[in-house]
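A short reminder: the numbers here are calculations on the coordinates, not readings from a lab. Please read all numbers here as calculations on a predicted model, not as lab measurements. For neighbour counting, all protein chains shown are included, and Cβ atoms are generated from backbone atoms with ideal geometry for every residue, glycine included.
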Amino acid sequence: MKAMPYEDAHGPEPKPSDFRRRWQEYLTANGLNSTQQRELIVEMFLRSSDHLSIDELLARVRKKNPKVGYATVYRTLKLLVEAGVATQRQFGDSQTRFELAGAHHDHLICEKCGLILEFEDEEIEELQDAVAERLGGFKVTRHKHELYAICPKEQGKPGGYCPKEQGVKQSN
């Protein structure tokens, strides 16, 4: 099947309509049908801002259609990755998670409670480029930056809190 990758990570952030268009183009280019179940899965995925496991997406989809099976969700997510709509991620919790492709960001992950925070930091981006240049004139084309940590509550700090409990936008 033809992969349809997104632009460089530093290109413009895609809009929801871009993802839908890319999905339709992928189906057409590969002679695939658009089924009602497949479209429900895609719609639920596109509405999510989380890093979803297959089981988490399946649970959301089954609220709308209890007949959707695990294998259908699995295959649809695989197609979304091939279409350049989704990206697979591993955050050390032994589950593959999926997020929308295209928008560059890094991750801070609590190893105890599972909180995943997305962040962008131009200083880190510039430092990575400088290190690549210093190590032999490399040009960074893409990267994954994941910081594994333990939130203040899980550290047992007096008065420590978990951003997960404070309504901070998380992504897991």
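Assorted remarks:
- Here each label is just a point 7 Å from Cα along the line to Cβ, and for residue 37 and residue 121 those points are 4.4 nm apart.
- Antiparallel %, DSSP beta bridges [both residues in the stretch 106-166], to 5: 50 percent
- Amide H contacts of residue 96 (H built 1.01 Å from N, under 5 Å, at least 5 apart or other chain): none
- Binned Cα-Cα distances of the chain, short to long, each 10 Å bin given as a whole percent: 9, 31, 33, 20, 6, 1
- Compared with the alpha-carbon gap, the fully stretched path from residue 146 to residue 67 is longer by 24.8 nm at 0.36 nm per residue.
- Here the extension length gained between residue 93 and residue 138 equals 13.0 nm, from 0.36 nm per residue of separation less the Cα-Cα distance.
- Of 22, 62, 142, the one that fluctuates the most in a GNM where the chain has Cα springs shorter than 10 Å: 142
- Antiparallel DSSP beta bridges within the chain, as percent of all bridges there, nearest 5: 75 percent
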